[in-house]
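Below is one structure, written out as C-alpha cells; the observations come after it.
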Amino acid sequence: MRLKLDWFLIGMVVAVALAWVFPAAGAHGGALHPELVNKIGVALIFFLNGVSLSFVAMKAGASRWPVHIVVQATTFVIFPLAGLLLMTLPERWLAPELVIGFVYLCAVPSTVSSSVVMTAAARGNVPVAVFNATLSSVIGIVATPLLLSWCLHTDGAGMPMGGVVLDLVMWMLLPLVAGQLCRPWLKDWAWNNKKLINRVDRSTILFIIYTSFCDSIMRGVWSGRAGAVVTVVIVSVALFYAVFYTVSAISKAAGFGAADRIATIFCGSKKSIAAGVPMAQLIFAGDPRLGLILLPLMIYHPLQLVICGVLAGRWERRKGEDLRETA
C-alpha cells in the first residue's frame, strides 16, 4: 500500500501555525465566535455521519462476536488501562496537561474510514472492520466521557459530568439520530457526495484545532513547552506498540484466522481524530489547556496511519496465514 501525503495532515500543521500567527480571532470571545461555531460544526459532523451510517454494512460483519469482543475491549478497556499507567509517571517526565491528553486519547473510539481501508488493503475481513469501527464510534459517545471521568477521578481530579453529558447528547447524539432518520431521503446524496462530506468533516475538525490552539496561545499555556512535542512522540510510539503487540497476542491466542486478526489489529490499535477532536471541544469547553490536551491525539493520528500503512502493504503480499507483525 503506497502512502499518499494527506491534505488533512498538512492542514493540521497549517492550523497550528495560523493559531500562533493569528491567535486573537480564534480565541474564546474572538471574531470567529468559536464557542458557538464549534458546536454547530460538531453537530454538522455527526448529522452527516448519521446520514452516511449504513447498518446494512454493519449487519454483514455482526456474526463474528469473538472478534468484536476483542476489538471493543481493546478500545475501551486495554487502552484506558494504559492511560492509567501513564498517570503514574512522574511530572518531570510527563506534564499534567499531557497526561490528561493521553488519558483522553486512550478513551476515544477507534477510527472508521482508515480502519476499513487498511483492512481492505491488507486482505483482511472488511465486514468485521466496518462493524467494529462503526460500533466503536457509537459506543464512544457514551463511553469516552465516562472513562475519562473515571480515570481522572482516580487521581482526585474528577470532572463534572452533568453539563458534559447534556452537551454530548445535544450536539452529538441527537444530530447522529437525526441523520439516521433522514437517511431514507439523503442516503443516495450521501453516497454520491462522499468526498464532499469528507472535506466538510475534516475542514470542521481543522477549524476546531485552530481555535483550540488559539485559546491556549492567548492564555500562555505553551510558555516553556518546547520539549512537549518530542515527549509526546516518544510516548505515542510506545503506546501504539504496547497495544499493537497486546491485541496481536490476544488474537493469536483466540485462534483468529489471518483475515480476522488483521481487522482486529487495525481496528483495535487506532484512535479517531474525527470523533476525538469534536468530543474534546465539548468535554473540555473553556479549558485553556485544550491545545496541549489534544496534542497526543494529533500526533498519534499520523503515527498510526504510517505504521499501519506499512503493515497493510506487507500483509497484502503474504502467503497463506503468514503475518509478519513488525513495522
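The values are calculated or read from the model by the stated rules, or taken from the named source; none is laboratory data. Keep in mind that this is a model prediction, so the values were computed, not measured. We place every Cβ from the backbone using ideal geometry, glycine too, and count neighbours over all the protein chains shown.
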If we ask which residues in the range 208-220 are surrounded by fewer than 19 Cβ atoms within 10 Å (Cβ to Cβ) and either outside any helix (DSSP H, G or I) or within 18 Å of the chain's Cα centre (by Cα) (or both), their number turns out to be 2
- Query: Quick check: is even one residue across the range 135-149 within 14 Å of ILE262 (Cβ to Cβ) and under 13 Å from the mean Cα position of the chain (by Cα)?
  - Reply: no
Counting only residues in the range 112-171 that are at pLDDT below 80 and polar (S, T, N, Q), the one nearest to LEU323 (Cα to Cα) is identified as SER113
Given the conditions (1) under 23 Å from GLU35 (Cα atoms); (2) over 18 Å from the mean Cα position of the chain (by Cα), every one holds for THR204 apart from (2)
Wholly inside the range 83-196, helices (runs of 4 or more DSSP H) that include 1 or more residues that are more than 30 Å from VAL229 (Cα to Cα) are 113-121, 126-153, 162-168, 174-192
Pairs returned, first residue in the range 287-304 that is within 20 Å of LEU152 (Cβ to Cβ), second residue that is part of a loop (DSSP other than H, G, I, E, B) and charged (D, E, K, R), beta-carbon separation under 8 angstrom, 6 or more apart or interchain, are PRO288/ARG219; LEU292/ARG225; ILE293/ASP287; LEU297/LYS271; TYR300/LYS271
The one condition SER251 fails out of (1) buried (at least 18 other Cβ atoms within 10 Å of the Cβ); (2) among the polar types (S, T, N, Q); (3) at pLDDT below 90 is (3)
Quick check: is even one residue across the range 273-287 at pLDDT below 90, crowded, with 16+ Cβ neighbours inside 10 Å and not in a helix (DSSP H, G or I)? yes
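This table checks each residue for (1) β-branched (Val, Ile, Thr); (2) modelled with pLDDT under 90; (3) closer than 19 Å to ASN132 by Cβ.
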site: SER216; (1), (2), (3): no, yes, no
site: ALA226; (1), (2), (3): no, yes, no
site: VAL229; (1), (2), (3): yes, yes, no
site: VAL237; (1), (2), (3): yes, no, no
site: THR246; (1), (2), (3): yes, no, yes
site: GLY268; (1), (2), (3): no, no, yes
site: LEU292; (1), (2), (3): no, yes, no
site: ILE299; (1), (2), (3): yes, no, no
Of the residues in the range 176-201, those that are under 21 Å from ILE139 (Cα atoms), at pLDDT 90 or above and either among the aliphatic types (A, V, I, L, M) or within 23 Å of the chain's Cα centre (by Cα) (or both) number 3
